[in-house]
């Protein structure tokens, strides 16, 4: 859910406006000050590993976009295989969520996942978010809360937006490979941190050929106090243009046949834009609180890509152009009321969520080099609707025990106007596209409709063992909606059904907080990226089993350390012609570790101004990345660091990405491709990679006017 | 990266990889990559007379073939009628039924190759009267393989390439029927052996545990053998079209040898060269 249902008591990044602070001063010795505290009651966590990362953690290490912030989520590893403006590929708890098919994303109350996106179901591009304006990242692993809906297969990640630096902020950044960025923001110091506006413009020449990119975005959010209620308005706009180097054959790099950052010279890249409006009206009374948040999102994505070179078409090449444009209108609403059934802490919540998507999408084969349109593979208009309702009850039969149980029902409806020309799909001519056995020829002009519903119970048991230590067990059933074009006329919508469970310990004190958990998730069907079709294709049922440890330590105000380690084993539980039950899912890394450490000492005073320093380092590791055919991909270990000195109104900082200049591979795939049309075709699957960025330095000068 | 960082990372990675790998070092995903040694053998002793379907006794004195990349697939071959099918996972009873009754398989005229299971990419030129040769090692992935694709390399490569004189197949021999003895040259260019899709290849050849058999589970490193059956090329050649005194017979050269190119005899030769039964693939561990 995009709402603030998990908002904590006021802190530096949360709502700390006049409601809690601006009371008239009086005689210190005898004045009685009335303090009115407003806010929204905490929702109990839905699992032991439910985590929130605030700005203390977010700002420990350098981040270039809002998408980079995903790395602070325990268990997440991100890669980018098609240029700086394309959505990250996200790995989380044994899932290759690709661009978002298995993770539900919300930013500022608006959904980010794109239903039936032609490149990938649930495509979620977070590059429109400036990292400076994210006040909190909340992750709900699994699907244990009734608020979690479509795409919450591995979990839900929410960004809350806010900017607490008072006054006007201006930043200019310049660094390696021609990277340039301008950031501008303002925040009224008398207002909530949620009230702010920000702008950025960024461009880079890229660390190698075909890696240039640029983006620009603006966001404004304002919170109005309407008596006992609040009104939050959020508006943002974003656009990006980017080149893509594409994949290269690993053997060509390792043999020295091509330089590490070289490309095959095929013109690839894309364009992305997003505009959104969110209006959230919320209220809180003595025994109830509620929100209503309508939203509107307009998205456009264009990708030009070629993963297979000249394999399928030795003359014209295999370049495809994908276009996906969508308009999303929807709302979320919920009402929670305190009840006294077993204790005074009991509550019941009812929620409603509706989302409508109007989607226009196409896929064309175009000539590699001459951009001539050769063939239409997809040409469709889709209307999709997801309406959901849920109930969530929390009771405490004894003081040390909380039981939360709920149910969510989703109804999905689709209307597809499929104008794809009749005939065999391109995948039928590719020798190693595992989709070739699945998809019949697409009839042209057919209109198809489908409906279905999903019923998902959710439950959490939370036991307080000793002060600050909880034992929790959670269970939930969720779903992933299908690609609309895969549906037959009149078909009852087939969902990917997800069952999750988790058991763990959750602890917190003034100095340290964290959790240790074990989890298991099963799917009745899965999706794996197929380079031959450039889309996600269906594979057999699967399961993930693993464990996660995460912690945050803040022993003193100027030191913070936050770390995590997540191990997952992902295997098939059924077989088909390409995969065997018991075998591991390809591409899903087994071990992901992350550590963010920050030092923020006050060094003293200079010229009557406070001199502060900020030093941060982040370690990221991804190990055991299985490839098809029993192989392993390359492990990744990266170090990012930052250092900043701030003399009140002026700050100078240095960000270093990949400080150890590790030679690493961002993405690795195993499939067939042919990049030398004059030579013998290589039909047997081989390793193809995208090369990770080398050491990158960025210098930033910041000015603060208050 | 500093030496200490590199060392520490190496130790950490080593411990983690050891803890998470399977006992054979595999990542645990389906299948595995395999190395395929590749040999070419010639089934016929071309220097010995062989009578073809037209009643001509054919002896080859010289012959060369340009061999291009070879590919192996999951799809059934074009025609495997009356060919015993042996699938590794097939029950013994089912196999016996196939042997006694025979089966017509797959897709006459429309071959669907399926997934690529292996390839040998190094081209060369073969001496058809030689003992066979070893090609460069190929690569593959484990799994059931049923068919293969033979391709010609054009222009030819290898030490014997000049002997092809710019063609992809070149043979010289003698055809005899009764009192008629015809020294001949039969050859073909790449453009003359294209298939229905205008590709310089023969698709849908059989691939099995032995030449002519279909279906074998390539589950480990092994050896692929391409068995050439040049007698298939000459099986339907009616040399009467180039007999001395026959209208339309090309003139013989100074050695009395007739080049059958352009004649109906030659057309029979080209049809034979493009038959999948002349190229039999097999795999053994």
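Here are some notes:
- Order of B:187, B:32, A:302 under a 10 Å beta carbon neighbour criterion, fewest first: A:302, B:32, B:187
- Backbone N under 20 Å from the residue A:453 label point (7 Å along Cα→Cβ), restricted to region A:483-522: A:490-498
- Volume of the Cα convex hull of region A:33-187, divided per residue and given in Å³: 145 Å³
- On the basis of the beta-carbon distance and an R0 of 51 Å, residue A:352 and residue A:257 show a calculated FRET efficiency of 0.30.
- At 0.692 mPa s and 37 °C, Stokes diffusion of the protein assembly as shown via Kirkwood alpha-carbon radius, µm² per second: 104 µm²/s
- Shielding score for B:69-78, defined as the mean number of other chain Cβ atoms within 10 Å: 2
- Protection proxy ranking of B:132-140, B:67-75 - average other beta-carbon atoms within 10 Å, highest first: B:67-75, B:132-140
- Virtual spin-label span in nm between residue B:176 and residue A:461, 7 Å along Cα→Cβ: 9.4 nm
- Length gained on full extension, residue A:489 to residue A:645, computed as 0.36 nm times the residue gap minus the Cα-Cα distance: 49.9 nm.
- Of B:281, A:507, the sequence from fewest to most neighbouring Cβ atoms within 10 angstrom is A:507, B:281.
- Per residue of A:676-686, other chain Cβ atoms within 10 Å of the residue Cβ number 6 on average.
- Relative contact order (percent, whole number), chain A, Cα cutoff 8 Å, 6+ residue spacing: 13 percent
- Spin-label pair residue A:400/residue A:277, simplified geometry with 7 Å Cα→Cβ offset, distance in nm: 5.3 nm
- Fully extended contour minus Cα-Cα distance, from residue A:469 to residue A:606, at 0.36 nm per residue: 44.9 nm
- Sorted peptide list for A:164-175, B:188-199, A:664-675, criterion being average Cβ within 10 angstrom, highest first: A:664-675, A:164-175, B:188-199
- Among the residues of B:112-119, the average count of other protein chain beta-carbon atoms within 10 Å of the residue beta-carbon is 6.
- Where N is the number of residues in region B:29-284, Cα Rg divided by 2.2 N^0.38 Å: 1.05
- FRET efficiency for residue A:267 and residue B:43, using Cβ-Cβ distance with R0 set to 45 Å, rounded to 0.05: 0.35
- Approximate spin-label separation residue A:613-residue A:407, in nm, with each point projected 7 Å along Cα-to-Cβ: 6.0 nm
- Estimated FRET transfer efficiency (residue B:62, residue A:705; beta-carbon r; R0 60 Å; 0.05): 0.05
Laboratory data are not the source of any read-out in this text; all were calculated from the coordinates shown. What you see is a predicted model; the values in this text were computed from it and never measured. Every residue, glycine among them, receives a Cβ derived from its backbone with ideal geometry; neighbour counts consider all protein chains shown.
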